[in-house]
Amino acid sequence: MAKEKPQKSLMTILKKKSGRNNSGRITMRHQGGRVKRFYRIIEFGEKKMGNFNVLSIQYDPNRTCNIALIEYPNKERAYVLAPHNLKAGDTIEHNEKAGLVTGNRMKLKNFPVGANVFNVELTPNKGGQIARSAGASVAVMAQEGKCTTLKMPSSETRKVLSECYASFGSNSNPEHKFHQIGKAGTARKKGTRPTVRGSAMNACDHPHGGGKNKQPIGRHPRTAWGKPALGVKTRKRKKLSNKFILQRRVKKKRSK
């Protein structure tokens, strides 16, 4: 990964919100105080078709994976998500049908069953929305008519239109899940403020609070405002895209 300065033309100011809305009220707790950073403009879709040269692999403070600086034939440059094992000097291709080379981007209908892809579109020409984090990939399970069956990182199986684009391979920086923050100061630089357990509060401050020593939380885990917190379905029952989900994700058993 190159330690060069990012491309100035592909950066914009990222305003610090710290969990506040437009009136300054806190809408998301435990955020604020992070280090100043610039946003790198990422091309998640297919701005141009053809073969492009990879100039460098760079760090992006706004995401867990690395990004690649590519150059179009007309010397225009852009940032894309860097796949695992991509190196500076390599060539990637964006086309309706491309070879099975790491980083190549093409339509889902042209991927063979068993292929791993990332940065997958949900709607044609909208840009990648699935599997964009570090080390993430989606498995192509089947090709059925106008849809491609995919197995998500969460173990959910769903159908996606075959006209959607995806990149071959898996996302870069798979070691991110082994990274340990180490100390509270590092978390503060990332924008995470201290979190206090509800059971450590007074009864007037949290539904879990009150009592002597360690007390049970009661009926079920709740937020500070009394709403259910863990194991609650948040997806709308009548959501239009429910028909594309073939199998819901398998819940992991919580360790005692």
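Mind listing which GluC sites (Glu not before Pro) in region 38-145 are in a DSSP loop and have 12 or fewer other Cβ atoms within 10 Å?
Qualifying residues, ordered by number: E76.
What ranking of D205, D90 emerges when the number of other C-beta atoms within 10 Å of each C-beta is taken as an exposure proxy, fewest first?
Listed from fewest to most nearby Cβ atoms, that is D205, D90.
Quick one: net charge around N110, please, counting Lys, Arg +1 and Asp, Glu -1 for every other residue with C-beta under 11 Å from its C-beta.
Value of the local net charge: +2.
Can you list the HN-Hα couplings for region 152-165, worked out from phi with the Karplus curve (6.51, -1.76, 1.60; θ = phi - 60°), rounded to whole Hz and with x for Gly and Pro?
Residue by residue, region 152-165 yields 6, x, 7, 6, 6, 10, 8, 9, 10, 4, 5, 7, 6, 8 Hz.
When only alpha-carbon atoms count, how far does region 101-149 stretch along each of its three principal axes, as whole angstroms with the largest first?
Principal axes ranked by extent give 30, 23, 17 Å for the Cα atoms.
Over the Cα atoms of region 197-250, each weighted equally, I'd like the Debye log10 I(q)/I(0) at q = 0.16, 0.26 Å⁻¹, rounded to two decimals.
-0.60, -1.00
How do M201, M106, M152 rank when sorted from fewest to most other Cβ atoms within 10 Å of their own Cβ?
M201, M152, M106
How do V54, V120 line up, fewest other C-beta atoms within 10 Å first?
Result, fewest neighbours first: V54, V120.
Quick one: if you stick a label point 7 Å off each Cα along the C-beta vector at E163 and E144, how many nm between them?
Rounded to a tenth, the inter-label distance reads 2.0 nm.
I'd like the Karplus ³J(HN,Hα) series for region 43-55: coefficients 6.51, -1.76, 1.60, θ = phi - 60°, whole numbers in Hz, and an x wherever there's a Gly or Pro.
8, 7, x, 10, 5, 9, 9, x, 9, 10, 8, 8, 7
In what sequence, highest mean first, do 209-219, 55-65, 160-170 appear when ranked by Cβ atoms within 10 angstrom?
The packing order, highest mean first, is 160-170, 55-65, 209-219.
Each residue of region 17-31 in turn: what ³J(HN,Hα) in whole Hz from Karplus with 6.51, -1.76, 1.60 and θ = phi - 60°, glycine and Pro shown as x?
Taking θ as phi minus 60°, the curve returns 9, 6, x, 9, 8, 5, 9, x, 7, 6, 10, 9, 6, 6, 10 Hz for region 17-31.
Would you please give the residues with an amide H less than 5 Å from that of S172, counting only those at least 5 places away or on a separate chain, with H modeled from the backbone geometry?
N66, A82, H84, G135
Would you mind giving the three semi-axes, in whole Å and largest first, of the ellipsoid equivalent to region 1-143 according to its Cα gyration tensor?
Output for region 1-143: semi-axes of 30, 20, 14 Å.
For the chain, what log10 I(q)/I(0) values come out of the Debye formula at q = 0.07, 0.08 1/Å, with one point per alpha carbon and no solvent?
The computed values of log10 I(q)/I(0) come out as -0.34, -0.44.
Any read-out appearing in this document is the output of simple, stated calculations on the displayed coordinates, not a laboratory observation. Worth saying up front: this structure is predicted, and the values here are computed from it rather than measured. Cβ atoms come from the backbone with ideal geometry, glycine included; neighbour counts cover every protein chain shown.
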